[in-house]
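Take a look at the structure set out below.
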There are 2 protein chains.
Amino acid sequence: MNEHAFSTAERAAVYRAIAERRDMRHFCPNSQVAPEVLQRLLQAAHQAPSVGLMQPWRFIRITDNALRTQIAALVEAERQRTAEALGPRKAQFLQLKVEGIRDCAELLVVALCEAREQYIFGRRTLPQMDLASAACAIQNLWLAARAEGLGLGWVSLFEPAELGALLNIPADAEAIAIVCLGPVDAFYAQPMLIEQGWSSAQPLSDLMAENRWPSSKA
Amino acid sequence: MNEHAFSTAERAAVYRAIAERRDMRHFCPNSQVAPEVLQRLLQAAHQAPSVGLMQPWRFIRITDNALRTQIAALVEAERQRTAEALGPRKAQFLQLKVEGIRDCAELLVVALCEAREQYIFGRRTLPQMDLASAACAIQNLWLAARAEGLGLGWVSLFEPAELGALLNIPADAEAIAIVCLGPVDAFYAQPMLIEQGWSSAQPLSDLMAENRWPSSKA
């Protein structure tokens, strides 16, 4: 323990948020998120680290129901294309609930900003660090939402150019997430894809190495 | 408030970790991270969401001091190349401390796993969601470290192919982060790049829009 450590109770709360956060697909219809809660969550996202302090994240709050319906249709089209691409797992995939766009209280689109090429610090060899920063922002939002008792689902089943056209996103910006947010009846006890038998989790020990990539996995 | 919400104190702890987390470059030399703390932090990372449950993150703990020195040299070379690329800001950039590789107690390299093309769920149109998942894992690690009173810095000033060659990373895997972790004398009150006058933060309100990309920014 050191002088900068949080109290035992505070540390437990942070680890609880990390452990109980889930990628949610089931939301309570006709529910709401209080404006001050939404603001807190977005401020939490906005406190994320970003490469060279570029803060590349942009948030588009979808309040137009017609637009929400169009976004749901875009995702449904990609769900069908993904199902085809999955070949033998098509039927199993189609049984999964992969988004809660129509039911969630709040729908957000997260995009990377335009003119990102001007940011060189930390990106000369790894330009994709802009996406990494925006993902950290979404993870902040996710954890804060869990603490507030709200579910969040990051949907990436969409064609960015199609969603960009729908929302007037400039060609050099890029949508990276459709975020479903809102009250849920219950959080999954485990990740939904485990509960539904789509996949199983790998133990951390299998993903660790010391000094060099493990030769058995190379 | 709802039945799934954390207590007021727990919520405050989660928001505290989010607010006080910093991208650290200054570490206490000759310090250590207890093995059980390191394990907790890596388990926190491993509890991150991942697209299609692919869990693409791989962690390489660097315990060989000669290797640490070689990694520091790789980063120094990229620091010089970045300085050149920054043109008029070269001198200002070179005054910044951009990494704590030699001083940090623990040095980790995070990489994306090999054979990622087999994961199609959520990645058919957005293959870069693997990076997004790994970034969420690093953000979990970052927040948990802050709660433990430990600093973390994500260094992206390196050439992935060079680092990959040094650590025997397969060609279809990819290093995305050099993570410096360990005790610090003090956390920056603000992001270091603000304190050092490199950049200023944008207000959240400038990064928000409703329904469509703001026309003034398009």
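Observations
- Yes/no for A:Leu107 being touching a helix residue (DSSP H, G or I) at 6+ places or on another chain (Cβ under 9 Å), part of a strand (DSSP E or B), more than 7 Å from chain B (Cβ to nearest Cβ) and more than 30 Å from B:Ile178 (Cα to Cα): yes
- Here B:Asn30, B:Asn2 are screened, and the one residue that is over 16 Å from the mean Cα position of the chain (by Cα) and at pLDDT below 95 is B:Asn2.
Yes or no, residue by residue, for (1) more than 27 Å from A:Val37 (Cα to Cα); (2) charged (D, E, K, R); (3) in contact with a Leu (Cβ under 8 Å, 6 or more places away or on another chain):
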{"site": "A:Glu114", "(1), (2), (3)": "yes, yes, no"}
{"site": "A:Cys136", "(1), (2), (3)": "no, no, no"}
{"site": "A:Ala161", "(1), (2), (3)": "yes, no, no"}
{"site": "A:Pro170", "(1), (2), (3)": "yes, no, no"}
{"site": "A:Ala173", "(1), (2), (3)": "yes, no, yes"}
{"site": "A:Ile178", "(1), (2), (3)": "no, no, yes"}
{"site": "A:Leu193", "(1), (2), (3)": "yes, no, yes"}
{"site": "A:Met208", "(1), (2), (3)": "yes, no, yes"}
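- Qualifying residue in segment B:136-144 (condition: surrounded by fewer than 24 Cβ atoms within 10 Å (Cβ to Cβ), at the interface with chain A (Cβ under 8 Å from one of its Cβ atoms) and over 11 Å from the mean Cα position of the chain (by Cα)): no
- Only one of the numbered conditions (1) out of contact with any Pro (no Cβ under 6 Å at 6 or more places or on another chain); (2) among the charged types (D, E, K, R); (3) touching a residue at least 60 places away in the same chain (Cβ under 8 Å) is not met by A:Arg61, and that is (3).
- Qualifying residue in segment B:115-129 (condition: closer than 25 Å to B:Val184 by Cα and among the aliphatic types (A, V, I, L, M)): no
- Qualifying helices (runs of 4 or more DSSP H) (wholly inside segment A:1-98; at least 2 residues being at the interface with chain B (Cβ under 9 Å from one of its Cβ atoms) and closer than 29 Å to B:Glu99 by Cα): A:8-20, A:35-46
- Restricting the first member to segment B:191-212 and to residues that are within 7 Å of chain A (Cβ to nearest Cβ) and closer than 29 Å to A:Gly164 by Cα, and the second to residues that are at pLDDT below 95 and surrounded by fewer than 16 Cβ atoms within 10 Å (Cβ to Cβ), the beta-carbon pairs closer than 9 Å and six or more apart or on different chains are B:Met208/B:Pro214; B:Ala209/B:Lys217; B:Arg212/B:Ala218.
- A single member of A:Glu78, A:Glu36, A:Glu114 is crowded, with 22+ Cβ neighbours inside 10 Å, out of contact with any strand residue (DSSP E or B) (no Cβ under 8 Å at 6 or more places or on another chain) and charged (D, E, K, R), and it is A:Glu78.
- Residue within segment A:157-171 that is closer than 30 Å to B:Glu10 by Cβ and surrounded by fewer than 24 Cβ atoms within 10 Å (Cβ to Cβ) present: no
- Any hit, segment A:154-166, residues being more than 8 Å from chain B (Cβ to nearest Cβ) and in contact with a Cys (Cβ under 6 Å, 6 or more places away or on another chain): no
- Positions within segment A:162-210 being more than 26 Å from A:Ala137 (Cα to Cα) and touching a strand residue (DSSP E or B) at 6+ places or on another chain (Cβ under 6 Å), in sequence order: A:Ala209, A:Glu210
- Boolean, A:Leu181 is modelled with pLDDT of 95 or more, more than 10 Å from chain B (Cβ to nearest Cβ), under 17 Å from the mean Cα position of the chain (by Cα) and more than 30 Å from A:Gly197 (Cα to Cα): no
- Restricting B:Ala175, B:Ala186 to those that are more than 26 Å from A:Arg58 (Cβ to Cβ) and either more than 9 Å from chain A (Cβ to nearest Cβ) or within 15 Å of the chain's Cα centre (by Cα) (or both) reduces the list to B:Ala175.
- Comparison of A:Gln128, A:Gln118 shows that the only residue that is more than 10 Å from chain B (Cβ to nearest Cβ), without any contact (Cβ under 8 Å) to a residue 40 or more places away in the chain and closer than 30 Å to B:Gly153 by Cα is A:Gln118.
- Residues located in segment B:91-100, provided they are in contact (Cβ under 8 Å) with a residue 12 or more places away in the chain and either in contact with a strand residue (DSSP E or B) (Cβ under 6 Å, 6 or more places away or on another chain) or among the small types (Gly, Ala, Ser) (or both): B:Glu99, B:Gly100
The values are calculated or read from the model by the stated rules, or taken from the named source; none is laboratory data. The structure presented is a predicted model; accordingly, all values stated were derived computationally and were not measured. Positions of Cβ are backbone-derived with ideal geometry, glycine not excepted, and every protein chain shown enters the neighbour counts.
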